[in-house]
Amino acid sequence: MRNRWITVCLALLVMAGMVWTQDLALKGGTVLTITNGTIENGTVIIKNGKIVDVGKNLKIPSGMKVIDVSGKFIMPGIIDSHSHIALTDVNEATDPVTPQIWMKEALEPSSDSIKKTLAGGVTMVKTMHGSANVIGGVNVTIKLKYNEPVEEMIVSGVRQQIKMALGENPKRLYGRKGRIPSTRMGNAYVLRNAFLKARQYKAKWDQYKQKKEEGEQDIKPPQKDLKMETLQMVLENKLGIDCHVYRADEIVWIINFCQEQNIDLLQLSHCVDGYKVPDVLADADVCYGGWIDWWGFKEEAYDGCPYGFEIMHDKGVRIVINSDSTDECRYLYLNAAKVLKYNDIPETEVLKMITLNPAYALEMQHRAGSIEKGKDGDIAVFDKYPLDSTSKCVMTIIEGRIYFDYAQQSVTVKGASNE
């Protein structure tokens with residue numbers, strides 16, 4: 001009897017999983033593929049969470065749920081590669097070096113910020129440690145699967161990124177406490193010293209492992225240190241880096257430092273002086289992550305320039321628009337629209353700043369950022385062209401499942417039906 005009950009429970013779990021995996025066709029809208037042009041009166045077919053076809057006059061498999069989106073615009077789900085949503089805490093502001101902190105430990109799946117962000121067409125974010133510390137915690141890339149288990153929100157198979165910060169924030173915080181760093185030189189020292197210790201730690205463990213492989217007996221392993229364990233992952237390129245930086249001199253410094261250490265710098269966040277050194281950013285293949293019109297709110301942000309996007313774009317910099325917020329990420333499409341006010345950049349290239357470019361910043365370009373066969377079925381549907389300042393998101397879809405529906409004024413919770 002007990003075995004029969006277990007079998008029934010397992011069957012119900014499998015059935016629940018089948019219901020939750022939505023096969024879906026969006027028909028009749030204008031499809032902004034990002035990489036392969038615009039398809040008028042197009043269709044996007046999603047099966048088992050993946051885009052299986054996109055085009056005109058497609059045959060839709062029988063039995064599949066079909067949504068008529070005629071007159072609307074279908075685009076890839078918007079991606080924010082620097083946000084602070086869905087977290088119960090952001091800064092472990094007790095030490096300038098805290099790589100042992102993992103932000104996945106503070107994820108709040110029922111956070112209201114997730115619902116608000118879904119309403120802006122956002123499907124995926126990297127939610128991050130703050131900028132209190134020179135080396136902060138390990139950030140986490142998530143799909144906005146509201147109220148689902150943390151394990152289902154975290155994107156699998158993607159390298160996570162550690163947060164670093166230069167400039168005013170760490171030196172001001174720890175300077176007030178009367179400890180290093182209180183200057184930019186102090187920031188540099190703290191960062192360099194941390195990696196010096198990490199290399200020494202790694203060398204001890206490498207030596208221990210080599211002796212074990214050679215058959216040496218009765219040797220004790222070095223003492224474990226969670227700080228150094230995480231930094232060793234950075235040295236081994238198992239973690240990427242997102243660094244908070246504003247000034248041009250520090251942009252150049254951190255790029256040089258990461259090249260010297262042979263560690264992977266993927267995005268420079270805020271980076272308002274990026275337009276001053278666009279060739280350096282382009283040559284390093286580092287994503288610019290920032291805003292179009294936030295500047296002047298502190299000394300190192302005084303030189304922000306909205307016209308700088310065109311300078312960087314023309315030099316080949318991969319530009320990403322971030323929110324750096326628990327709220328602003330739902331307005332990323334409007335922030336992208338502002339780019340056109342100040343810069344002569346093709347509209348598709350502007351749309352890339354909130355789709356394909358942040359996918360690159362997260363090393364997710366093979367799965368997200370454009371509407372192509374084989375990519376995740378993460379879609380945003382807008383009532384008007386997304387860069388129209390009067391447009392609004394009417395539907396947000398993650399892996400074929402509708403998570404936000406403007407018509408229903410609702411956010412889907414697992415177990416509820418969309419039928």
Please give the direction-averaged projected area of the C-alpha convex hull for the stretch 298-419, in square nanometres with one decimal. 9.7 nm²
P(r), alpha carbons of the stretch 318-369 - 10 Å bins starting at zero, rounded %: 27, 52, 21, 0
Take the residue pairs 209/238; 115/227; 202/276 and return only those whose Cα atoms are more than 29 Å apart. 115/227; 202/276
State to the nearest 20 debye the size of the charge dipole of the chain about its Cα centre, where the only charges are +1 on K and R beta carbons and -1 on D and E beta carbons. 1000 debye
In this structure, among 47/116; 143/212; 50/224, pairs with alpha-carbon gaps over 31 Å are 143/212; 50/224
Write down the percent of antiparallel bridges among all DSSP beta bridges whose residues are both part of the chain, to the nearest 5. 55 percent
Rank 98, 396, 348 by mean-square fluctuation in a GNM of the chain with C-alpha springs under 10 angstrom and give only the top-ranked residue. 348
Residue among 85, 149, 106 farthest towards the positive dipole end of the stretch 78-368, charges placed on Cβ: 106
In whole angstrom, largest first, the equivalent ellipsoid semi-axes that the Cα gyration tensor gives for the chain are 38, 30, 18
For the charge dipole of the stretch 78-368, defined by +1 on Lys and Arg C-beta atoms and -1 on Asp and Glu C-beta atoms about the Cα centroid, which residue among 207, 139, 331 has the Cα displaced farthest towards the positive pole? 207
Rounded to the nearest 10, the angle in degrees between the Cα long axis of helix 184-213 and the longest principal axis of the Cα atoms of the chain comes to 90 degrees
Just from its helices, what would the mean residue ellipticity at 222 nm be for the chain, if runs of 4 or more DSSP H residues each count -39500 (n - 2.57) and the sum is divided by every residue, rounded to the nearest 500 deg cm²/dmol? -9500 deg cm²/dmol
The alpha-carbon center of the stretch 237-291 and that of the stretch 59-106 are separated, in whole Å, by 23 Å
Here the tail fraction of P(r) beyond 25 Å, over all Cα-Cα pairs of the stretch 137-290, rounds in percent to 43 percent
Could you state the principal axis extents of the C-alpha atoms in the stretch 255-351, from the largest down, to the nearest angstrom? 38, 28, 24
Taking the 0 to 90 degree range and rounding to the nearest ten, how far is the long axis of helix 332-342 tilted relative to the main principal axis of the chain, both from C-alpha atoms? 80 degrees
Once the Cα atoms of helix 2-20 and of the chain are each reduced to a long axis, what angle between those two axes, in degrees from 0 to 90 to the nearest 10, is obtained? 80 degrees
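Coordinate-derived values only; no laboratory data. Bear in mind the structure is a predicted one, so any value in this text is a computation, not a measurement. Reconstructed Cβ throughout: ideal geometry from the backbone, glycine too, with neighbour counts over all protein chains shown.
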